[in-house]
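These notes concern the structure reproduced below.
The values are calculated or read from the model by the stated rules, or taken from the named source; none is laboratory data. Please read all numbers here as calculations on a predicted model, not as lab measurements. Ideal geometry is used to build each Cβ from the backbone, glycine not excepted, and the neighbour counts take in all protein chains shown. Keep in mind that these areas ignore ligands, DNA and RNA; they rest on the heavy atoms of the full protein, side chains included. Shrake-Rupley method; radii C 1.70, N 1.55, O 1.52, S 1.80 Å.
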Amino acid sequence: MNNDYKIIQTIAKSTINYLKKEIRVGMSEKEIAVLSNNYMQSLGVESFWWYGIGSMVLIGKRSILSENPLDYKPSNNILKEGSVVNIDLSPCINGINGDFARTFFVENGLIKSDSDEVDSAVIKEGLLIEKMLHSFLLKIVTQETIISDFCKQVNALLEKKGFKNLDFRNNFGHSINCEKVYIDENNNSVFGSLKFFTFEPHITKDNINGFKYEDIYYFKDGKLNSL
């Protein structure tokens, strides 16, 4: 089973790498979504589990949007110099769901996704905070960690840094391939109760640029790992 998830996540990661090379200034959310979906399907993806949305693409100020998937549609909003773009993928093969998201930034005409690549202080900070949160997860979460306690700590860290959670449900992720269990302050169960779960903070500091970084996590021999 773990191998099935690794396969679907490898496809998602390959898609993000592909998009980083192929996206161009002037492309719209719709065009990027089609490019992304077609590429995933060329790698064997059979369907898109998140309400049929394979690639949620949000450019510029739309990157701060968090909305019910039933209301989401990719727009004609185009990628420009100085724009961020969030891309959240939902591939599915043989009933196994993948989930992977990254934020890109256009700087000097180039598509960048890593804080080390970026010169803009605002964008660099957002990308670094995302990395910090994932490192924090890996450092402190055990099978016995109470989900609500962890989320309170994450919210406190964000507040200290001047950021806030954008998710419309106020969660930081969810279980995968089972009845949805959300990673939020209202969930008093432990992480060990989840076989696979996502961690995907969607955050902003300036209400202009939204950042998202998502991986799937699981426990192996009592230790938390990412797929």
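Within segment 26-51, restricting attention to residues that are in contact with a strand residue (DSSP E or B) (Cβ under 7 Å, 6 or more places away or on another chain) and over 25 Å from G173 (Cβ atoms), which residue is surrounded by the fewest Cβ atoms within 10 Å (Cβ to Cβ)?
Quick first cut of segment 26-51, residues in contact with a strand residue (DSSP E or B) (Cβ under 7 Å, 6 or more places away or on another chain) only: 26-29, 32-33, 36-37, 40, 44-49.
Of the ones still in play, those that are also over 25 Å from G173 (Cβ atoms) are 26-28, 44.
On the way: G26: 9, M27: 17, S28: 16, G44: 12.
Only one residue fits best here, namely G26.
Scanning segment 128-146 for residues that are more than 20 Å from L227 (Cα to Cα), in contact with a strand residue (DSSP E or B) (Cβ under 8 Å, 6 or more places away or on another chain) and part of a helix (DSSP H, G or I) yields a total of 1.
Return yes when E130 is among the acidic types (D, E), touching a residue at least 24 places away in the same chain (Cβ under 8 Å), out of contact with any Ser or Thr (no Cβ under 9 Å at 6 or more places or on another chain) and crowded, with 20+ Cβ neighbours inside 10 Å and no when it is not. Taking the combined requirement at face value, the residue does not satisfy it.
For segment 144-182, a residue qualifies if it is farther than 24 Å from N97 by Cα, in contact with a helix residue (DSSP H, G or I) (Cβ under 9 Å, 6 or more places away or on another chain) and open to solvent by 80 Å² or more (accessible area, probe 1.4 Å), and the qualifying residues are E144, Q153, K161, K164. Between N2, N77, the distinction of being touching a Gly at 6+ places or on another chain (Cβ under 7 Å) and open to solvent by 20 Å² or more (accessible area, probe 1.4 Å) belongs to N77 only.
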